[in-house]
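Below you'll find the structure, written out as structure tokens, and then a few comments.
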Amino acid sequence: MPPRNQPKKAIKAILFAVLFLAVSHPGARCQIGSPTAEMTNFNFDGLSAQLDLMEKFVFGSVYGDDLQSVRINRLEEMVFGKPQSGKLAERMAKLQGSYKTAGRSDLETEINLLKEGLKADPDAHSEKAESVDSTSSSASNPATEKDVSALTAKAQEGDAQSLLELGVEYERGERVPRSFGKAVECYEKAAKRSLPKAQHYLADMYAWGRGTEKNLKLASQWYEKAAKEGREDSIVSYASTQQAISSDRPRGCLACLDRALKMLEPLVAKENLKALATAGSIYGSKAKLSSSAKQRSAFWGQKLSFLTRAADKGDVNAQYWIASMYFEGKEVAKNLTLAEKFYREFLEHKDIKESSRESAEEALLRCRSLSEITDKTELLRRLRNADEKERKPIIERLLALFPTDPEIYSAASDAVVYNGDYNGAINYLDKAIALTNDDPKFVERKGDLLYDQGTRDSTDRYIADGCLKQAAEYYTKVMEGLDHAQSDETDGKRIGLLSTRADIYERLNLSSRTLQDFSELVELYRQAYKKDSSSSSNLNNMLEKRAKLLMSQNDLTGAKKDLDEVIDRVRQEHKQSLRGDILNSAFSARSGTVDDLVRPLRKRIELSSKMGETELVDADKKELKTLGASEK
């Protein structure tokens, strides 16, 4: 980024770039040359979208200093609803005092940039009317000294320049009602009179579907006409549109990409930044379409070559993309040294999107040599984001710096378990437990790891049973240390531990211990139900599970007692005597209500049959029929 004492260059600086498109249209819009493949669905309408697009794309150096006026117009539309009149310096002062009260604090960076540029060279940005025909984008305030009616009259006579200016007026909507459709009509008439700028603007409208249906083929044709007249922005836009056309086709279009590269050749030879970046992107698209690994590798190399040339000349987009390529190692060999170099160059730019800055800073941390890092927080963050190969050296570095910190051993345990190394994870937790004299947090975590290992399908059954038994012991140890005074927090903790331990006992076929935990859970859920009746489903489900277990132990009386309680509670909650009655619609419509009753009724029918209670069986069957449910 150029220093602030070079305002003209600063105005043209690269801002918030995600793609390599440029502002090329006068005042009414922050116009881009053409959509790339990634942005063909962008909805350009609306002031917010215009501002967002302006922040995301490249301000090219070939379009002149009047971009300052374009950008102030956009900001004023966001803050005040419409562009203001007066000198730019005065308008900037007004913006500076109003953006916060207007609730647009996110514009602070942009406003400050413009303000500093004006402060450094206020005379360079005075309000003045310039010809739309200028080679710079000086048409941001077209026809300032012309009466719109006179302009309209000349346009009706077929004057190409007037048609172009009138189209801009319709697109801006400041002195005439905004109409993208009429703007297209004016641009088209002027374009057919061989006015290159009108051809470019008409192509823009087709590219983005503004005032007409989106049509990349027509956009490409008009960009090509303007490009043949020497417009550099049209050349880049033509290439980007050909890339977008290829992207839209299921099998791509190599011919489109080749045409795009051919068109870019003169600008590439001149080291035009946008052309270099666009060419790099197109070679990336060619690589994705290639079925040959050798050819694909060659295209990735071309992409890297073009982007490197652009990055070395200060292109912020290219710097970020190349840094990401080297960092991720997907298209080129992973190289953290080069990734760090380009991330640092990228971060030297002041006017980059905050999310991109944060992403680059996070990646930069991971590029630094471990031997340089001594901060625990930074190393732990790096460990959390590390891949399988990166974790081991980070853990070694952490343990070397903090050998008696139990949190480090816990973090190491969490990290290695992602690699499936349960034994290593448990060993690290053992050290954390020893350092803290059996801290329940680490004891429970070890129980969780043993439980996970014991329930994995790939674990040998004998080893799995051993893991589950140990897990149950650790959960028991944690529960013994819980505060016996009742509270929602301790009860919730105890319920979670008991539920997992009961599941372990079920898996190990330890029915008496399972029943003991089920019974304790029932009592805990009963206490919760007394405090909050909405928790009845937990209590009912637990009673059903206990009833099932009691049935397996041939305790039919105990099982029936639990099922009776569930059924009575469901009935009581809905204030409905269901024996022989038709369910009201409100009850039937409640999600899960019928199933809540049908399930225990079926189980009770099975029990009552075994116990010989035919009268109850008949009554329950009748009730199932009323509910519209079968007996099975």
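The values are calculated or read from the model by the stated rules, or taken from the named source; none is laboratory data. From a predicted model like this one, the values you see are computed outputs, not experimental measurements. We place every Cβ from the backbone using ideal geometry, glycine too, and count neighbours over all the protein chains shown. Surface accessibility is based on the protein's heavy atoms, side chains included, excluding ligands, DNA and RNA. Shrake-Rupley method; radii C 1.70, N 1.55, O 1.52, S 1.80 Å.
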| said: Applying a 10 Å radius around every beta-carbon, put 548-558, 468-478 in order of their mean neighbour count, most first. | reply: 468-478, 548-558
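When only C-alpha pairs under 8 Å and at least 6 residues apart count, what is the relative contact order of the stretch 383-483, in percent?
Details: 100 pairs, mean separation 19.3, N = 101.
About 19 percent, as a whole number.
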| field | Out-of-range pairs (alpha-carbon distance over 22 Å; input Lys313/Lys350; Lys192/Lys217; Lys288/Lys353; Lys262/Lys286) | value | Lys288/Lys353
| query | Ranked highest first by the average count of other Cβ atoms within 10 Å around their residues, in what order do 166-178, 272-284, 497-509 fall? | reply | 272-284, 166-178, 497-509
| task | Compute the length gained on full extension between Glu615 and Thr404: take 0.36 nm times their separation in residues and subtract their Cα-Cα distance, giving the result in nm to one decimal. | result | 69.0 nm
| Non-local Lys pairs in the stretch 408-534, i.e. 8 or more apart or on different chains, that have alpha carbons under 22 Å apart | 15
| Cα centroid separation - the stretch 233-290 against the stretch 492-540, whole Å | 64 Å
| On the accessible surface of the stretch 462-504, probed at 1.4 Å, how many percent belong to carbon and sulfur atoms? | 51 percent
| query | How much of the accessible area of the stretch 336-385, in percent, comes from carbon and sulfur atoms when a 1.4 Å probe is used? | reply | 45 percent
| query | With the other protein chains left in place, how much accessible area per residue, in square angstrom, belongs to the stretch 314-368 at a 1.4 angstrom probe? | reply | 45 Å²
| request: Based on the mean of other Cβ atoms within 10 Å per residue, sort peptides 323-332, 454-463 so the most packed one is first. | output: 323-332, 454-463
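Could you look at the stretch 173-219 and say what percent of its accessible area is carbon and sulfur, using a 1.4 Å probe and all protein chains?
That fraction is 46 percent.
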| How much accessible area per residue does the stretch 411-488 have, in Å², with a 1.4 Å probe? | 54 Å²
